[in-house]
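Asks: What follows is a structure written as structure tokens; I'll ask about it next.
The values are calculated or read from the model by the stated rules, or taken from the named source; none is laboratory data. Since the structure is predicted, the reported quantities are computational estimates derived from the model, not experimental observations. Neighbour counts run over all protein chains shown; Cβ positions are idealised from the backbone, glycine included. Heavy atoms of the whole protein, side chains included, go into the accessibility calculation; ligands, DNA and RNA do not. Shrake-Rupley method; radii C 1.70, N 1.55, O 1.52, S 1.80 Å.
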Amino acid sequence: MFQLTGKVALVTGGSRGIGRACCEALAEHGATVVVNYVKGEAAAKEVADAITARGGKAEIAGFDVADTKAAEAAIDEIAKRHGRLDILVANAGISIDGLLLRLKEEDVDRLFQVNVKGSLACAKAATKVMMRARTGRIMFMSSVVAEMGNVGQTAYAASKAAVIGAAKSIAREFASRNITVNVITPGFIDTDMTSNMTDAMKEQLVKVVPLGRTGTAREIAAACVYLASDEAAYVTGQVLRVNGGMYV
């Protein structure tokens, strides 16, 4: 089950955290993985090297998803080089927190530029390739706060909620071409983004998670592998919540 041999996958923001875990998991199941990065070339190369050292296939591709032309050109080049692009994991994203009354306009713009515009740019370029093949898998990485909200994350939650609405619409647009589009909404996951939190802050967050612990990047990656596989061929326009019961 969940065999991806012969498939080509692009994971944006694949050099660390959830993105890295998705790259590794997809490669373990047979996919050739393209690890996208913006500034962390060394980290992306480390991911690719780790994959190839275990017998997998991986390469790196540097581009900023928020730069629409650069993203579209890079994805077009990847598809031409491999002759296909089967899987897109639109994972690249940023988080800028702040209470509504303290939000800066430039922070809101940057959040939507990367989290929403960047995801749409990649999806637009990927679907052009997938339409010709009449098959494809697209996964958007959102967040539990997109559905439940969170104090101090108004703009971030709004950007991640926009991703959900976009994914549902894209799923309807491309279903006739056998392209599935789904969303993964991670809960409180132990990654670099949460490493700066104090133990007290983490303890308070864990209290609202029924399973009583943080999740792991590998658990998010497992959901990604499932949605990328043939076993999920009849799943589209859905939000897969991996949050320990934090939001149900």
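Asks: Take the residues of segment 158-203 that are assigned to a strand (DSSP E or B), of a type in the set (Val, Ile, Thr) and within 14 Å of the chain's Cα centre (by Cα): which is farthest from residue 116 (Cα to Cα)?
Replies: Selected residue: 189.
Asks: Anything in segment 100-118 that is within 21 Å of the chain's Cα centre (by Cα) and of a type outside the set (Asp, Glu)? List them, or say none.
Replies: 108, 110, 111, 112, 113, 114, 115, 116, 117, 118
Asks: Taking segment 130-144, which residues are surrounded by 22 or more Cβ atoms within 10 Å (Cβ to Cβ) and in a helix (DSSP H, G or I)?
Replies: 130
Asks: Being assigned to a loop (DSSP other than H, G, I, E, B) and open to solvent by 70 Å² or more (accessible area, probe 1.4 Å) is the filter; apply it to segment 222-246 and report the residue that is nearest to residue 30 (Cα to Cα).
Replies: Top of the filtered list is 234.
Asks: Residue under question is residue 90, and the condition is that it be of a type in the set (Gly, Ala, Ser) and open to solvent by 10 Å² or more (accessible area, probe 1.4 Å); does it hold?
Replies: Spelling it out, it is not the case that residue 90 is of a type in the set (Gly, Ala, Ser) and open to solvent by 10 Å² or more (accessible area, probe 1.4 Å).
Asks: Would you check which residues across segment 4-43 are of a type in the set (Gly, Ala, Ser) and either under 19 Å from residue 82 (Cα atoms) or modelled with pLDDT under 95 (or both) and list them?
Replies: 6, 9, 14, 27, 30, 31, 40
Asks: Tell me, please, whether a residue that is modelled with pLDDT of 95 or more and assigned to a helix (DSSP H, G or I) can be found in segment 84-93.
Replies: No, that holds for no residue.
Asks: Name the pairs whose Cβ atoms lie under 9 Å apart, with the first residue in segment 172-200 and on the phi > 0 side of the Ramachandran plot and open to solvent by 20 Å² or more (accessible area, probe 1.4 Å), the second in a loop (DSSP other than H, G, I, E, B) and among the hydroxyl-bearing types (Ser, Thr, Tyr), and 6 or more positions between them or separate chains?
Replies: 178/135
Asks: Let me ask something additional. Hey, could you check segment 1-25 for residues that are in a helix (DSSP H, G or I) and within 18 Å of residue 65 (Cβ to Cβ) and say which is most open to solvent (accessible area, probe 1.4 Å)?
Replies: 20
Asks: Also, I was wondering about something else. Which of the residues that make up segment 145-162 are buried (at least 23 other Cβ atoms within 10 Å of the Cβ) and closer than 30 Å to residue 7 by Cβ?
Replies: 146, 159, 160
Asks: Hey, among the residues in segment 81-103 that are among the charged types (D, E, K, R) and touching a helix residue (DSSP H, G or I) at 6+ places or on another chain (Cβ under 9 Å), which one's farthest from residue 30 (Cα to Cα)?
Replies: 97
Asks: Can you pull out every residue in segment 201-221 that is under 14 Å from residue 26 (Cβ atoms), open to solvent by 60 Å² or more (accessible area, probe 1.4 Å) and of a type in the set (A, V, I, L, M, F, W, C)?
Replies: Residues satisfying the conditions do not exist here.
Asks: Here's a follow-up. Can you tell me which residues in segment 28-50 are closer than 19 Å to residue 184 by Cβ, open to solvent by 10 Å² or more (accessible area, probe 1.4 Å) and not in a loop (DSSP other than H, G, I, E, B)?
Replies: Of everything in segment 28-50, just one residue is closer than 19 Å to residue 184 by Cβ, open to solvent by 10 Å² or more (accessible area, probe 1.4 Å) and not in a loop (DSSP other than H, G, I, E, B), namely 28.
Asks: Filter segment 99-115 down to the residues that are open to solvent by less than 20 Å² (accessible area, probe 1.4 Å) and not polar (S, T, N, Q) and list them by number.
Replies: 111, 114
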